[in-house]
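Here the structure is laid out as structure tokens; the discussion comes afterwards.
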Amino acid sequence: MSQPYRMETQNLSVYYGKHPGVRGVSLPVHDRRVTALIGPSGCGKTTFLRALNRMHDLTPGVRVEGRVLLDGEDVYAPGVDPVVVRRRVGMVFQRPTPFPTMSIFENVVAGLRLVGVRDRRVLGQAAERALRMAALWDEVKDRLHAPAVDLSGGQQQRLSIARALAVEPEVLLMDEPTSALDPISTQAIEDLLTELKNSVTIVIVTHNMQQAARVSDYTAFFLDGEMVEFDATDRLFTNPADPRTEAYITGRFG
């Protein structure tokens, strides 16, 4: 039976000790679409995002309640391996994160090596495919064995995206992936998202409402740890149902 959504949260809450960072969020993530999470700083966007691939497992004192369904299966169910979850649901962080001692090539295939892939031909094909998907291949194909830290900031972020794509995730989570980049690099990443959604489901946290309007198909507005509103992006931005959403997108707070 096919699932209506690639991912879905049901009454998802995240607690830091006794303090709730996110409360009772039920959100559908449509397959091969871009879903943007917007809202003021500290509203729970990143906390929510990190719950989708069990990143909070790595932080002592954080508790997750509710369900996160991936193809209809709860990723928090007993016996589910969080490493497998993170392979299926990749993550790209706010700042580019190349492994500084590794070459461009070794950065891209690091995740594959981690799961035991050793065949040089397989690794080479995977690296080229991922770098092409990240729109970086033409810029680096003649220097794959140069240090990754030699790349510009925008190239390093696309390299981080290529590394996430190399293990062929079904979903890609992106936490403000352009906030540390210049306008030209930001444009390159936004163009890339439009291409990538043909093959992967994307959830992006962004502080930039214009970016959300440009790149996303669906938008969720968060405030004080709760999801206030979720809708198709064009509808949410032009005809929001909740007055708090309207106040935020028209710049009256945030």
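The values are calculated or read from the model by the stated rules, or taken from the named source; none is laboratory data. The model shown is predicted, which means the values in this text are computed figures rather than measured ones. Ideal geometry is used to build each Cβ from the backbone, glycine not excepted, and the neighbour counts take in all protein chains shown. Heads up: the accessible areas ignore ligands, DNA and RNA and are worked out on the full protein's heavy atoms, side chains in. Shrake-Rupley method; radii C 1.70, N 1.55, O 1.52, S 1.80 Å.
Quick notes on this one:
- Projecting label points 7 angstrom from Cα along Cα→Cβ for Arg95 and Glu65 puts them 3.5 nm apart.
- Candidate lysines for bridging to Lys45, where Cα separation is under 27 Å - those fewer than 8 sequence places away on the same chain excluded: Lys18, Lys197
- Under 5 Å between amide hydrogens, built in the peptide plane, is the criterion, and for Leu223 it picks out Val228 among residues at least 5 positions away or on other chains.
- Within the range 94-131, backbone nitrogen closer than 18 Å to the virtual label 7 Å beyond the Cα of Asp142 toward Cβ: 104-105
- Averaging the Cα positions of each part gives two centres, and for the range 1-77 and the range 145-159 these lie 30 Å apart.
- A 1.4 Å probe over all protein chains sorts Tyr16, Tyr5 by accessible area into Tyr16, Tyr5, starting with the largest.
- Among Gln155, Leu223, Ile249 the positive-end extreme of the charge dipole of the range 122-254 (Cβ point charges): Gln155
- Overall, the accessible surface of the chain at a probe of 1.4 angstrom is composed of carbon and sulfur to the extent of 49 percent.
- Within the chain, helix-based [θ] at 222 nm, where runs of 4 or more DSSP H residues each add -39,500 (n - 2.57), nearest 500: -10000 deg cm²/dmol
- Note on Ala241 and Leu114: their simple-model spin labels are 3.8 nm apart, each label 7 Å out from Cα toward Cβ.
- Rounded tilt (10° steps) of 120-133 against the dominant C-alpha axis of the chain: 50 degrees
- Relative contact order [Cα under 8 Å, 6+ residues apart], the chain, whole percent: 28 percent
- If R0 is 35 Å, the Cβ-Cβ spacing of Asp217 and Tyr16 corresponds to a FRET efficiency of close to 0.70.
- In sequence order, calculated HN-Hα J values of the range 189-202 (Karplus, 6.51, -1.76, 1.60; Hz; x Gly/Pro): 5, 5, 4, 4, 4, 4, 6, 5, 5, 5, 10, 9, 7, 10
- Here the Gaussian network model covers the chain, with springs between Cα atoms less than 10 Å apart; of Val115, Val68, Val200, Val115 fluctuates the most.
- Relative contact order (%) - the range 31-108, alpha-carbon pairs under 8 angstrom, separation at least six: 21 percent
- The calculated FRET efficiency for Ser41 paired with Glu195, based on their beta-carbon distance and R0 = 25 Å, is about 0.25.
- Farthest positive-ward along the chain dipole, Cα basis, beta-carbon charges - from Pro98, Val200, Met7: Pro98
- Here r is the Cβ-Cβ distance between Asp224 and Val80 and R0 is 45 Å; the resulting FRET efficiency, rounded to 0.05, is 0.90.
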